[in-house]
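A.B. asks: Quick one: structure below, then a few questions.
The values are calculated or read from the model by the stated rules, or taken from the named source; none is laboratory data. As the structure is a computational prediction, the values presented were derived from the model and not from experiment. Using ideal geometry, Cβ is built from the backbone for each residue, glycine included, and neighbour counts are taken over all protein chains shown. In case anyone asks, the SASA skips ligands and DNA or RNA and just uses the protein heavy atoms, side chains included. Shrake-Rupley method; radii C 1.70, N 1.55, O 1.52, S 1.80 Å.
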Amino acid sequence: MTAASGTARPRDRKSAERRDQLAESALKTLGELGYARTSLRDIAANSDFSHGVVHYYFTDKTELITYCVRYYKAQCVTRYDEVIATSTTAAELAERFADKLCETVVDDGPMHRLWYDLRTQAMFEDVLRPDVLMIDATLEDMIWRVLTRYAELSDGELIVDSPTAYAMLDGVFERSLLRHLSGDDEALTVLRTSAIELLPHFLRD
């Protein structure tokens with residue numbers, strides 16, 4: 001029993017590592033083509049793995065997408081933790097948060113585009129909904145941590161609840177992402193300015 005368990009653990013770990021590698025490759029392809037236009041063969045063609053290997057680890061595209069969604073969540077939920085932990089004034093936090101928003105539009109644009117695509121697809125596909133809702137809640141918590149710290153540094157009181165604040169900032173971010181992907185040179189400047197100017201409005205005068 002002990003020997004068998006010891007043998008299984010490395011195998012399970014290797015399987016998990018391979019699934020993560022496939023998820024990273026799939027996310028790149030999905031970010032370029034979108035959910036509806038991507039097949040397992042497309043993912044295999046844009047990776048170092050054969051279609052047979054992809055199909056071995058994932059039964060179908062839905063299973064792979066679900067895994068990718070969870071993998072994506074694990075990569076992004078700590079994005080602003082350093083800003084929260086090391087900012088010493090409200091103004092510094094606001095500026096660094098806004099800079100980070102702009103940075104992630106540039107560095108992770110395809111991943112954000114995929115996220116909004118999957119969130120829309122979850123309106124129609126029940127199988128995606130639980131994971132998408134889970135990620136949405138996690139992103140909301142991430143933004144709420146930023147705002148809570150901003151209020152503390154401002155010695156102020158937040159006058160909006162977490163869902164409302166998240167929806168407002170997410171709307172600003174999504175619009176700027178679309179403008180950036182469309183080649184608008186002012187998109188990042190507008191995003192940075194909007195984020196900095198919006199944060200004080202979440203506090204009581």
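A.B. asks: Let me cross-check His51: its accessible surface, 1.4 Å probe, with only protein heavy atoms counted, in Å² to the nearest 10?
C.D. replies: Counting only protein heavy atoms, the figure is 60 Å².
A.B. asks: Follow-up question, since we're still on this one. Take the solvent-accessible surface of the protein heavy atoms, probe 1.4 Å, and return the percent of it on region 1-127 that carbon and sulfur atoms account for.
C.D. replies: 51 percent
A.B. asks: Carbon-plus-sulfur fraction of the accessible area of region 154-205, 1.4 Å probe, in percent? All intermediate terms of the calculation are to be shown ahead of the outcome.
C.D. replies: Details: 1600 of 3100 Å².
Answer for region 154-205: carbon and sulfur cover 52 percent of the accessible area.
A.B. asks: Which lysines, on any chain, are close to Lys61 with Cα under 22 Å apart, when same-chain ones fewer than 8 places away are left out?
C.D. replies: Lys14, Lys28, Lys73
A.B. asks: Which three lengths, in whole Å and largest first, does region 47-138 cover when its Cα atoms are put on their principal axes?
C.D. replies: For region 47-138, the Cα extents along the three principal axes come out at 52, 32, 20 Å.
A.B. asks: What is the Cα centroid distance between region 162-200 and region 33-100, reported in whole angstrom?
C.D. replies: That distance is 20 Å.
A.B. asks: From the Cα gyration tensor of the chain, with a ≥ b ≥ c the square roots of its eigenvalues, which class applies: rounded if a/c is under 1.5, or else prolate if a/b is larger than b/c, or else oblate?
C.D. replies: Here the chain falls in the prolate category.
A.B. asks: In the full protein assembly as shown, how much of Leu178 is accessible to a 1.4 Å probe, in Å² to the nearest 10?
C.D. replies: Around 110 Å² of this residue is reachable by solvent.
A.B. asks: Nothing charged except the Cβ atoms of Lys and Arg (+1) and of Asp and Glu (-1): what's the magnitude of the dipole of region 22-174 about its Cα centre? Round to the nearest 20 debye.
C.D. replies: The dipole magnitude comes to about 500 debye.
A.B. asks: With the other protein chains left in place, how much accessible area per residue, in square angstrom, belongs to the chain at a 1.4 angstrom probe?
C.D. replies: 55 Å²
A.B. asks: Give me the percent of Cα-Cα pairs in region 114-205 that sit more than 19 Å apart, rounded to a whole number.
C.D. replies: Of all Cα-Cα pairs in region 114-205, 50 percent lie more than 19 Å apart.
A.B. asks: Determine the order of Met142, Met111, Met168, Met123 by accessible area, beginning with the largest, at a probe radius of 1.4 Å.
C.D. replies: Met123, Met168, Met111, Met142
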